[in-house]
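The structure appears right after this line, and notes come after that.
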Amino acid sequence: MTGSDGAALAGDLPPSPSAASSSAWLGEVRARRTHPLVLWYGPTYGVMERVDGGWMMSGMERMTPQDARDSLAWWFRNMARDASGVDRGEFRAGAALLERGRPNELTVAGRVFRVVRADRFCRFGADGPEPPRPTDPDELPEPRTRRDARRFDHGLLPPALAPGSPELLGERWEKVPEGPNVPVEVTRDARRALLTHPRVARLAVRFAAAEKENGTWPPHGPFLHSPACVRDHLATYFDTIVPMMLPSSPDVLAEYRAAAGLLRDGTRRAEITVLGRRFRVIRFEYVVRVGSDGPERPRPSDYDPEEPFTPDPEEARGLGFADDE
């Protein structure tokens with residue numbers, strides 16, 4: 001968690017009369033005043049497909065570029081199992097490429113797929129990170145339709161806007177990591193991205209539980225699509241994981257069970273303290289940089305330590321993915 005984008009205090013004029021009357025826009029204006037500092041929480045990754053209307057998204061929750069490539073290879077194997085003829089061979093070949101190398105874009109069966117990078121940001125105020133806004137729906141289904149397993153299902157990449165524009169209320173939603181502890185190639189690639197992919201597309205917000213530790217708020221657990229899901233996840237940690245991980249007395253465990261009960265009582269509770277540990281549901285913005293060729297791919301300096309996943313032939317055969325079917 002580092003730095004501010006340094007441009008969070010531009011004007012509050014609405015981009016249009018309709019925006020001025022929307023509760024979401026008013027929530028944005030209020031958040032800029034109560035939580036004016038924008039901190040960068042690093043990148044995350046996913047896969048998108050180029051379609052007639054733009055770029056169709058999958059989930060953007062992969063921790064590394066290779067994690068996203070592995071998920072695409074697995075999807076190709078599933079597609080090959082249900083395809084026939086030339087398409088079947090192309091999906092198998094695409095999966096094989098991903099299992100041997102690190103391509104960030106492939107054309108398979110006439111379809112273009114790209115590994116895409118997004119940045120996570122969180123707003124901060126005097127009391128720490130921004131919790132869910134009153135305008136954020138508390139409960140939502142997962143953002144997918146599953147109408148067609150052969151297609152990605154998280155919607156089209158939203159329109160890209162100019163950083164600092166009125167539509168973004170002056171926010172730039174960008175970060176160039178720099179300093180003595182930052183590798184020079186990381187700074188170099190971030191600066192280059194501002195030129196090659198100068199516009200930004202904001203995705204749906206996500207939420208996570210964070211615990212205050214020594215003045216910081218590191219997130220714990222997954223980034224989820226609704227505050228209610230985060231509360232339920234945190235409650236499970238309190239009444240299931242804590243008893244297994246912490247050698248605690250019955251009184252201590254009772255405190256955690258009581259806290260879990262509060263998190264499940266249907267209240268839109270954004271914060272809870274258990275035995276001096278302070279937890280908060282916090283709100284994250286996801287932003288994809290976009291250039292003339294579409295959304296940004298992973299950068300050369302991005303952390304990407306894993307080797308491509310190559311399934312064992314017997315395991316692949318048992319799952320129905322073997323090429324000798």
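Note on region 37-69: among residues that are among the charged types (D, E, K, R) and closer than 21 Å to A95 by Cα, the one that is nearest to the chain's Cα centre (by Cα) is E61. Only one entry of H220, H225, H197, H233 meets the criterion of being open to solvent by 60 Å² or more (accessible area, probe 1.4 Å) and closer than 29 Å to L156 by Cβ, and that entry is H233. Scanning region 292-314 finds one or more residues that are surrounded by 14 or more Cβ atoms within 10 Å (Cβ to Cβ), among the aromatic types (F, W, Y) and modelled with pLDDT under 90. Taking region 259-279 as the range and being under 23 Å from W217 (Cα atoms), open to solvent by 40 Å² or more (accessible area, probe 1.4 Å) and free of Cβ contacts under 8 Å to residues at least 60 places away in the same chain as the test, the residues that pass are L262, R264, T267, R269, T273, L275, G276.
The values are calculated or read from the model by the stated rules, or taken from the named source; none is laboratory data. Note that the structure is predicted; figures quoted are calculated from it, not measured. Using ideal geometry, Cβ is built from the backbone for each residue, glycine included, and neighbour counts are taken over all protein chains shown. Side chains are part of the model used for accessible areas, which takes the heavy atoms of the whole protein and leaves out ligands, DNA and RNA. Shrake-Rupley method; radii C 1.70, N 1.55, O 1.52, S 1.80 Å.
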